[in-house]
Amino acid sequence: MGDMTKVGKIDFEECYDLLGTGVVGRLAVIVDGHPEIFPVNYVLERRSIVFRTATGKKLWESRKELPAAFEIDGYDPATEEAWSVMVRGGTSMIDDPDEQAAADTLGLEPWQPGPKTHYVRLSPTVLTGRKFKVSAPDVWATRLNDARRTSFE
């Protein structure tokens, strides 16, 4: 029997496949010299992350390109594997109405109320993923909301 704690790499295409299944991810940017993380709902459009934001939010009203990181993760009860995908790249504004419409067609609809008029594209320069088999939970001690419980109960 192999090492159950071994971390496996997720290949490039599977990373894109997993990104395509997601709806919400965590966006990390530097704000006033320190890291900030924002949950954003997104779509994968032309192999890049696209999200919408309001005026005055998340630095993009300055219209400059910014470096960012983006992460999603999940757990597959069928395989008992946890996984994460991480993207690094630069952000840019989407001003072309046709490009905005293409993202909206894919279901880019903000969850938070209020106008989200800025469309932002995160173009990946680095895309990595990893997965690993999770250890079986101690069903008596593991929290009830731990996703691992469902696959072991």
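Quick notes
- Qualifying residue in the stretch 4-15 (condition: at pLDDT 90 or above, part of a strand (DSSP E or B) and either of a type in the set (K, R) or touching a strand residue (DSSP E or B) at 6+ places or on another chain (Cβ under 7 Å) (or both)): yes
- Of the residues making up the stretch 63-76, just one is in contact with a Gly (Cβ under 7 Å, 6 or more places away or on another chain) and outside any strand (DSSP E or B), namely E65.
- The listed residues are S151, S123, and the only one of them that is under 22 Å from T21 (Cβ atoms), of a type outside the set (F, W, Y) and at pLDDT below 75 turns out to be S151.
- Which listed residue, of D95, D73, is of a type in the set (D, E), within 16 Å of the chain's Cα centre (by Cα) and either modelled with pLDDT of 90 or more or surrounded by fewer than 14 Cβ atoms within 10 Å (Cβ to Cβ) (or both): D73
- From the options A101, A141, A136, residue that is modelled with pLDDT under 95, exposed (fewer than 14 other Cβ atoms within 10 Å of the Cβ) and part of a helix (DSSP H, G or I): A101
- Selection from the stretch 12-24 of residues that are acidic (D, E) and free of Cβ contacts under 8 Å to residues at least 60 places away in the same chain: E13, D17
- Filter result (closer than 24 Å to I30 by Cα and exposed (fewer than 15 other Cβ atoms within 10 Å of the Cβ)) within the stretch 76-92: G90
- Of all residues in the stretch 76-89 being among the hydrophobic types (A, V, I, L, M, F, W, C), within 18 Å of the chain's Cα centre (by Cα) and more than 24 Å from A101 (Cβ to Cβ), the one that is modelled with the lowest pLDDT: A82
- Scope the stretch 77-86; condition assigned to a strand (DSSP E or B) and farther than 17 Å from E13 by Cβ; matching residues: E81, A82
- Pick from the stretch 17-70, criterion at pLDDT below 90 and of a type in the set (F, W, Y), ranking: nearest to W111 (Cα to Cα): F38
The values are calculated or read from the model by the stated rules, or taken from the named source; none is laboratory data. What you see is a predicted model; the values in this text were computed from it and never measured. Positions of Cβ are backbone-derived with ideal geometry, glycine not excepted, and every protein chain shown enters the neighbour counts.
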